[in-house]
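J.: This is the structure, below, for whatever I ask next.
The values are calculated or read from the model by the stated rules, or taken from the named source; none is laboratory data. These figures come from a predicted structure and were not determined experimentally. Neighbour counts are summed over all protein chains in view; Cβ atoms, including those assigned to glycine, are modelled from backbone coordinates with ideal geometry. Accessible surface is based on the protein model in full, side chains and every heavy atom, while ligands, DNA and RNA are left aside. Shrake-Rupley method; radii C 1.70, N 1.55, O 1.52, S 1.80 Å.
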Amino acid sequence: AAPSTATFLSFRSRGNALPQTRPSAVRFGSRYSLVSFSGLKEVTSVNCETESSYIGKESSTAFRGSFALKARKANRGSRYGLQLVASYKMAILGAAGGIGQPLALLIKMSPLVSALNLYDIANVKGVAADLSHCNTPSQVLDFTGASELGDCLKGANVVVIPAGVPRKPGMTRDDLFNINANIVMTLVEAVADNCPDAFIHIISNPVNSMVPIAAEVLKQKGVYNPKKLFGVTTLDVVRANTFVAQKKNLKLIDVDVPVIGGHAGITILPLLSKTKPTVSFTDEEVEQLTVRIQNAGTEVVEAKAGAGSATLSMAYAAARFVESSLRALDGDGDVYECSFVQSDLTNLPFFASRIKLGRNGVEALIPSDLIGLSEYEDKTLEALKPELKASIEKGIAFVQKQPVTA
């Protein structure tokens with residue numbers, strides 16, 4: 001179930017989820033269960049009575065947009081057994097871009113962030129000034145240009161990299177490679193030098209090549225930890241959940257479709273046979289849904305007709321993965337997402353699959369999703385491997401040809 005982008009918490013009354021897009025539906029003076037969600041599994045629940053103006057009719061929307069509640073034992077924190085938390089330092093590299101700006105806004109709304117550092121080569125000062133007016137706990141600072149990159153990264157717990165050029169009509173992810181490869185290489189070098197223990201979230205496309213590039217840079221710097229390097233493929237899961245829910249008239253909050261492989265075209269493999277709740281698909285539906293999920297980025301690029309790519313949905317998906325990472329860092333032991341990581345589930349060195357997140361990053365790969373696939377999924381998995389292998393090798397070769405600076 002996807003989390004609410006306002007608080008990454010869902011309000012439930014008598015067991016039925018309220019619409020996440022309508023936070024004003026929270027009723028004054030009613031009993032609710034506060035339920036937080038990872039991307040793929042419902043977790044912690046706590047009941048509270050709200051009779052004060054703290055969550056009134058008029059203020060509920062503003063409240064949910066400004067603060068989120070984290071469940072605590074009743075003898076801790078406030079009179080409601082709930083407590084506000086803000087403790088982690090985030091850095092967004094490429095914060096002035098089409099993904100960076102909405103992503104920064106969503107992360108600013110997280111109760112787990114105390115410091116939000118924004119970096120770009122230009123125009124980031126205005127973004128930071130704008131965001132700093134939002135009355136949420138995190139402090140926003142701006143950093144411009146290579147000379148300030150190190151200061152932006154010092155002490156960061158999580159680094160998100162959406163920097164790079166966007167796709168344009170007729171452009172494939174592979175067309176982005178040369179430009180974005182140099183950008184990612186430079187930024188990851190700085191991460192290695194200033195916050196080598198941070199979780200690193202790679203959004204820059206093509207992710208299938210950028211993650212191996214980042215890994216090689218970190219290896220050459222002597223600080224590579226495969227458990228803390230992630231290619232953000234959450235958007236594929238978000239799209240799969242959305243399209244399946246629409247197709248089968250299901251409640252979106254209940255739908256979970258794991259997506260494996262990579263994050264480009266045919267390397268994206270939604271496991272429709274593993275959909276929860278259990279639902280049947282015709283062969284035609286499976287093929288149509290799979291192709292739509294694989295080509296959803298192109299769908300947006302063409303719809304925007306040269307004005308951009310999938311920036312808003314990508315920001316939403318990245319914010320979900322960031323929040324899952326922060327919850328894992330904060331000690332939540334039940335956080336699962338799909339991500340493109342170093343993996344031994346196949347004969348490929350990197351592979352997207354469901355993972356369990358913990359304080360140290362990837363706690364476990366979840367192999368069960370790859371067992372008992374449909375005939376269509378088995379064939380599609382084998383068909384994607386050569387392309388994914390080539391993308392991975394292309395990234396590795398790029399760094400080996402251009403050694404990292406010491």
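J.: When the solvent-accessible surface of protein heavy atoms is calculated with a 1.4 angstrom probe, in what order do Ser391, Ser273 fall, highest first?
T.: Details: Ser391 25, Ser273 65 Å².
Output order, biggest surface exposure first: Ser273, Ser391.
J.: Roughly how compact is the stretch 88-232, stated as its Cα Rg over 2.2 N^0.38 Å to two decimals? Each step should come with its number before you reach the end.
T.: Values: Rg = 14.4 Å, N = 145, 2.2 N^0.38 = 14.6 Å.
That ratio works out to 0.99.
J.: For Glu363, what charge total do you get from the other residues with a beta carbon under 9 Å from its beta carbon, if Lys and Arg give +1 and Asp and Glu give -1?
T.: Values: positive: Lys227, Lys356, Arg359; negative: none.
Around Glu363, the charge tally is +3.
J.: To continue, here is another question. Any chance you could list the semi-axes, whole Å, largest first, of the equivalent ellipsoid that the Cα gyration tensor gives for the stretch 314-406, using √(5λ)?
T.: Working: eigenvalues 122, 101, 29 Å².
Semi-axes from the Cα gyration tensor: 25, 22, 12 Å.
J.: Could you name the lysines in cross-link range of Lys221, using Cα to Cα under 17 Å and dropping any fewer than eight places away on the same chain?
T.: Result set, ordered by chain and number: Lys154, Lys401.
J.: Sort the following peptides by mean Cβ neighbour count (other Cβ atoms within 10 Å, averaged over residues), highest first: 381-387, 296-302. Numbers along the way, then the final one.
T.: Working: 381-387: 15.1, 296-302: 17.7.
Ranked from most to least packed, the peptides come out as 296-302, 381-387.
J.: Using a 1.4 angstrom probe on the protein heavy atoms only, line up Ile161, Ile183, Ile99 by accessible area, largest first.
T.: Details: Ile161 0, Ile183 55, Ile99 30 Å².
Result of the area sort, largest leading: Ile183, Ile99, Ile161.
J.: Describe numerically, in nm with one decimal, the distance between label points set 7 Å from Cα along Cα→Cβ at Lys125 and at Gln400.
T.: Going from the Lys125 label point to the Gln400 one covers 4.4 nm.
J.: Excluding Val255 itself, what net charge comes from residues whose Cβ is under 11 Å from its Cβ, given Lys and Arg +1 and Asp and Glu -1?
T.: +2
J.: Any of Lys248/Lys385; Lys251/Lys276; Lys168/Lys304; Lys247/Lys274; Lys247/Lys356 with alpha carbons more than 19 Å apart? Name them for me.
T.: Values: Lys248/Lys385 30 Å; Lys251/Lys276 11 Å; Lys168/Lys304 9 Å; Lys247/Lys274 16 Å; Lys247/Lys356 29 Å.
Correct reply: Lys248/Lys385; Lys247/Lys356.
J.: Under the definition of Cα pairs under 8 Å and six or more residues apart, what whole-number percent is the relative contact order of the stretch 88-232?
T.: Working: 279 pairs, mean separation 31.8, N = 145.
This gives 22 percent for the stretch 88-232.
J.: Check the straight Cα-Cα distances from Lys389 and name the aspartates and glutamates below 14 Å, setting aside those fewer than 8 residues away within the same chain.
T.: Candidates past the 8-residue exclusion: Asp174, Asp344.
J.: Over the alpha-carbon set of the stretch 177-254, work out the extent along each principal axis and list the three values in angstrom, largest first.
T.: So the extents along the principal axes, rounded to whole Å, are 50, 27, 15.
J.: Measuring from a point 7 Å past the Cα of Arg292 along Cα-to-C-beta, which residues in the stretch 219-239 have an amide N at less than 13 Å?
T.: Inside the label zone: 239.
J.: Keeping every protein chain in place, order Thr278, Thr242, Thr186 by accessible area at 1.4 Å, biggest value first, i.e. largest first. Could you put the intermediate results ahead of the total?
T.: Details: Thr278 140, Thr242 40, Thr186 80 Å².
Sorted descending by solvent-accessible area, the residues read Thr278, Thr186, Thr242.
J.: Measure out, as a whole number of angstrom, how far apart the alpha-carbon centroids of the stretch 227-276 and the stretch 287-317 sit.
T.: 14
J.: For the stretch 231-384, what size does the Cα cloud have along each of its three principal axes, sorted from largest down, in whole Å?
T.: For the stretch 231-384, the Cα extents along the three principal axes come out at 40, 39, 32 Å.
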